[in-house]
Amino acid sequence: MRTRPLPSLALLLLCGGCAGWQSALDPQGPSAQALGQLLHGFVLVLAAIWLAVLVVLAVALRRRSRATPQAADRHAGIAVGTACVATVLVITGLTLASYVTTRVISAGAEAPLVVRVRALQWWWEVTYPGEAGPDVVTANEIRIPAGRPVRIELSAADVIHSFWVPNLAGKQDLIPGRDNVLTLTARRPGQYRGQCAEFCGMQHAHMAFMVIAEPPEAFAAWRAAQQADSAAPAGAEEAFGRQVFEQKPCGACHTVRGTEARGTNGPDLTHLASRATLAAGMLPMTRGALAAWIADPQTIKPGNNMPMVPLTPAELQAVSAWLATLR
Amino acid sequence: MDRVGGWKDGVVLAVVLPALVLLGGCRLEDRETRPDPPVAQALGQVALMPNGIGGSPPEVYAALGRPYRESAFHLSQGKRLYEWFGCQACHADGQGGSGPSLIDGWWNYGPDLPTLYTTIHDGRPGGMPAFRDRMTRDQIWQLAAYVQAMGAYTGSLAAPGRSDRPQTRPAENRLPAASAPLR
């Protein structure tokens, strides 16, 4: 028999889905684990049923029945009855398993860390309500202490989005006018990629975020650093950059605490350079990427709500230099 | 090779062709999200009458095909900007408050787009602030077109997106005001 290379290769490709990066098959927290077990349970039960049906079908096709018409009728009745009972049992069992899992993953937690996540086209605003200090507002990056449950309060500003970190929890929609809650725990420190999982417009595919779980001490240090105002400009170029930022339309939409910029329509940039990526996971956080993004955001991410603000080359250099220092 | 029977031609005519026709409805409105820098620059060249009321739009506006008032995308962006830049603080949802109403048909400086653009760009005496340092020219055109659409007395095929909040005033894509009186 000649093997066909293409379908076999396609099957091999599917195995790539089992890798750990943004995968529900590599659970790193109790919620994701419960869902993973449910998934495996369903696959096992349904695969067993499928095999059983195929075996019965094969036997039925090969065997010629020599029963009388009355006996054949009786046999058919028994077969249909058995199948009905088995179906009801299987569906009831799977429904119960599903229900129990839902109960487990939607149960609250004792003394969780509260994080508010607001989804906008096409980025995530992350707020840590003040615990002995001002609120911390950041974007597209959710730092959490490993091992401690986190209560994520979800809201949406414009259209329906969906919050999904496959390694840590299932999906939860963010719906304008309705507040949803998701509780998740990261068992160990690590970086877990998340992604909007509900089509939300032109740049839905570029609406990623990162959950970074750290040891509790590192998280506390990060939080304290984020509560501080932005650093003062280090040199003349940075000072000019800050001045441009305040005078041009930048400051009308972005907040940089410690400056005149107090806009609330775009992400808070007070500690922009402490984040790993720019524009919801699109670009690495470098001075060059910052300049490219500011120079022409509509070519990098067409349709996003950051306009192309006309700047001279010197202004662009200075603004990106200053932003790159906001650690 | 299949023999092509008459009934197959019938199937093609009855099913495939209508489906193809329906596909035509999937066309997305062209969204101009990035005006070329020289175009964006030229969008500021509004020529007003000496009294600051009425005038002509920049030549590039006609060259672009008068996009802002006739594109649902630009009107939706204008609606977003109306909320983002705090217009509601003085004009409410168009009914007016400490600022004048935008839907009562009375325009202190005229309802044409060049005038609305200039009003937003430069401000007006009596409390209307200038937004030239806070918005790009493209954004000001979008907002001006939205404000004009809000109080328009003629119907239009282009309308901004629907609000999720309860309506406090007729929707922008209502019939012209003559058949749906405003209060």
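The values are calculated or read from the model by the stated rules, or taken from the named source; none is laboratory data. Because the structure is a prediction, the values reported are computed rather than measured. With ideal geometry, Cβ positions are generated from the backbone for all residues, glycine too; neighbour counts draw on all protein chains shown. Heavy atoms of the whole protein, side chains included, go into the accessibility calculation; ligands, DNA and RNA do not. Shrake-Rupley method; radii C 1.70, N 1.55, O 1.52, S 1.80 Å.
B plus A alone minus the pair: what accessible area, both sides summed, probe 1.4 Å, in Å² to 100?
Heavy-atom accessible area buried at this interface is about 1400 Å².
Rg/Rh for chain A to two decimals, with Rh computed the Kirkwood way over all alpha-carbon pairs.
On the Cα set of chain A, Rg over Rh gives 1.16.
Within the protein assembly as shown, what percent of beta bridges assigned by DSSP are antiparallel, to the nearest 5?
Of the beta bridges lying entirely in the protein assembly as shown, close to 75 percent run antiparallel.
Suppose all protein chains stay in the model; what accessible area per residue would a 1.4 Å probe give for the stretch B:45-130, in Å²?
I get 48 Å² per residue for the stretch B:45-130.
Which value, in Å³ per residue, describes the convex hull spanned by the Cα atoms of the stretch B:1-126?
198
Need the list of aspartates and glutamates near A:Lys248 for cross-linking: C-alpha distance under 18 angstrom, and skip anything on the same chain fewer than eight residues off.
A:Glu237, A:Glu238, A:Glu260, A:Asp268, A:Asp296, A:Glu315, B:Asp122, B:Asp133, B:Asp138
With a 1.4 Å probe and all protein chains left in place, how much of the accessible area of the stretch B:36-179 comes from carbon and sulfur atoms, in whole percent?
Exposed carbon and sulfur together represent 56 percent of the surface.
Using only alpha carbon pairs under 8 Å that are at least six residues apart, calculate the relative contact order of chain B and give it in whole percent.
Computed value for chain B: 22 percent relative contact order.
From the square roots a ≥ b ≥ c of the eigenvalues of the alpha-carbon gyration tensor of the stretch A:172-327, which class results: rounded (a/c under 1.5), prolate (a/b over b/c), or oblate?
Verdict is oblate for the stretch A:172-327.
By how many degrees, between 0 and 90 and to the nearest 10, does the Cα long axis of helix A:216-227 differ from the longest principal axis of chain A?
40
Could you sort the residues of the stretch A:261-308 by number and keep only those whose accessible area is reduced by 30 Å² or more in the all-protein-chain setting relative to the chain alone, 1.4 Å probe?
Buried by the other chains: A:Asn265, A:Gln298, A:Asn305, A:Pro307, A:Met308.
Between A:Gln195, A:Ala139, A:Met207, whose Cα lies farthest towards the positive end of the dipole of the stretch A:133-220 when Lys and Arg beta carbons carry +1 and Asp and Glu beta carbons carry -1, centred on the Cα centre?
So the residue we want is A:Gln195.
In the stretch A:234-252, which residues give up 40 Å² or more of accessible area once the other protein chains are added, compared with their chain alone (1.4 Å probe)?
Listed by number, the residues meeting the 40 Å² cut-off are A:Pro249, A:Ala252.
For chain B, set up a GNM with springs between Cα atoms under 10 Å and report which of B:Gly25, B:Gly127, B:Gly94 has the largest fluctuation.
Among B:Gly25, B:Gly127, B:Gly94, the largest GNM mean-square fluctuation belongs to B:Gly25.
Net charge around A:Leu120, counting only other residues with Cβ within less than 12 Å of its Cβ (Lys, Arg = +1; Asp, Glu = -1)?
The answer is 0.
Excluding residues fewer than 8 places away in the same chain, name every one of the lysines whose C-alpha is closer than 19 Å to that of A:Lys301.
none
Given the -39500 (n - 2.57) contribution per DSSP H run of 4+ residues, what per-residue ellipticity at 222 nm results for chain B, rounded to the nearest 500 deg cm²/dmol?
-10000 deg cm²/dmol
Quick check for me: using +1 on Lys/Arg Cβ and -1 on Asp/Glu Cβ, what's the dipole size of the protein assembly as shown about its Cα centre, in debye to the nearest 20?
Dipole magnitude for the protein assembly as shown comes out near 2060 debye.
Using protein chains only (no ligands, no nucleic acids) and a 1.4 Å probe, work out which residues of the stretch B:117-144 have their accessible area cut by at least 30 Å² relative to the chain alone.
B:Asp133, B:Arg134, B:Thr136, B:Gln139
Using Cα pairs under 8 angstrom and six or more residues apart, how large is the relative contact order of the stretch A:7-149, in percent?
Averaging sequence separation for qualifying contacts and normalising by length gives 15 percent for the stretch A:7-149.
Using a 10 Å cut-off on Cβ atoms, rank the peptides A:82-91, A:173-182 from the highest mean neighbour count down.
Details: A:82-91: 10.9, A:173-182: 15.8.
Result, highest mean Cβ count within 10 Å first: A:173-182, A:82-91.
Tally Lys and Arg at +1 and Asp and Glu at -1 over the other residues with C-beta under 12 Å from the C-beta of A:Val159: what net charge comes out?
-2
When the accessible area of the stretch A:113-213 is split by element with a 1.4 Å probe, what percent falls to carbon and sulfur?
Ligands and nucleic acids excluded, carbon and sulfur reach 49 percent.
Per residue, how large is the accessible surface of the stretch A:113-213? Use a 1.4 angstrom probe and give square angstrom.
36
Among rounded, prolate and oblate, which fits the stretch A:236-324 when a ≥ b ≥ c are the square roots of the eigenvalues of its C-alpha gyration tensor, a/c under 1.5 means rounded, and a/b larger than b/c means prolate?
Working: a/c = 1.27, a/b = 1.20, b/c = 1.05.
The shape class here is rounded.
Taking the Cβ of A:Gln172 as the centre, find all other residues whose Cβ is under 14 Å away and add up their charges (Lys, Arg: +1; Asp, Glu: -1).
On the way: positive: A:Arg116, A:Arg118, A:Arg151, A:Lys171, A:Arg178; negative: A:Glu153, A:Asp173, A:Asp179, A:Glu198.
Counting the neighbours of A:Gln172, the net charge comes to +1.
Over the stretch A:113-213, what is the relative contact order in whole percent, taking alpha-carbon pairs under 8 Å and six or more residues apart?
On the way: 252 pairs, mean separation 30.1, N = 101.
Averaging sequence separation for qualifying contacts and normalising by length gives 30 percent for the stretch A:113-213.
Given only helices, namely DSSP H runs of n ≥ 4 each adding -39500 (n - 2.57), what is the per-residue ellipticity at 222 nm of chain A, to the nearest 500 deg cm²/dmol?
Working: 9 runs with 135 residues, N = 327.
So the calculated ellipticity at 222 nm is -13500 deg cm²/dmol.
Pull out the extension gain between A:Arg66 and A:His40, defined as 0.36 nm times the separation in residues minus the alpha carbon to alpha carbon distance; nm, one decimal.
The A:Arg66-A:His40 span can extend by a further 5.2 nm.
Compare B:Gly24, B:Gly123, B:Gly54 in a GNM of chain B, Cα atoms joined below 10 Å, and give the one with the largest fluctuation.
B:Gly24
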